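Reviewing the structure listed below.
Coordinate-derived values only; no laboratory data. Bear in mind that the values here come from a model prediction, so they are computed numbers and not experimental data. Neighbour counts are summed over all protein chains in view; Cβ atoms, including those assigned to glycine, are modelled from backbone coordinates with ideal geometry.
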């Protein structure tokens, strides 16, 4: 049961504006958190057994074939972002920074997903579920890419003798 009743046109406009605002606000907050605060071995980010060192993403999801088409929002953050489309350097410090940035990106996308339930306040229930599905469809692939990239970076760092 929605709390706010608006005509369909205004509801659609509110949905579009709300998602845009949510994305921009979450990113604006997340890029201000120091990189050092993101620990790749933390509870949210550490590798899971089912990921099999990234092989799950390669074999089951064929992530290499579609991840190149995913957008990189780093360009929208006015110099605060960290480009993650490709490796810019091969130094350990850069690879570790990249690894931490995958944590920031993953958390950013999870936070955006958490903003889906309030859409039930002004949408019909079935539309609220569409908003939840939209949040998941847009963010889960990007979360999976971050987890896959983090595992690849971990393996590279381990091969170099760095203990990630």
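Residue check, residue 136 against (1) within 21 Å of the chain's Cα centre (by Cα); (2) buried (at least 19 other Cβ atoms within 10 Å of the Cβ), all met but one. Which one?
(2)
How many of the residues making up segment 5-40 are assigned to a loop (DSSP other than H, G, I, E, B), touching a helix residue (DSSP H, G or I) at 6+ places or on another chain (Cβ under 9 Å) and under 30 Å from residue 94 (Cβ atoms)?
5
Being crowded, with 20+ Cβ neighbours inside 10 Å, out of contact with any helix residue (DSSP H, G or I) (no Cβ under 6 Å at 6 or more places or on another chain) and in a helix (DSSP H, G or I) narrows it down to one residue among 106, 96, 101, 158; which is it?
Numbers: 106 fails: out of contact with any helix residue (DSSP H, G or I) (no Cβ under 6 Å at 6 or more places or on another chain); 96 fails: crowded, with 20+ Cβ neighbours inside 10 Å; 158 fails: crowded, with 20+ Cβ neighbours inside 10 Å.
Of the residues listed, the single one that is crowded, with 20+ Cβ neighbours inside 10 Å, out of contact with any helix residue (DSSP H, G or I) (no Cβ under 6 Å at 6 or more places or on another chain) and in a helix (DSSP H, G or I) is 101.
Within segment 19-46, count every residue that is surrounded by fewer than 16 Cβ atoms within 10 Å (Cβ to Cβ) and in contact (Cβ under 8 Å) with a residue 60 or more places away in the chain.
7
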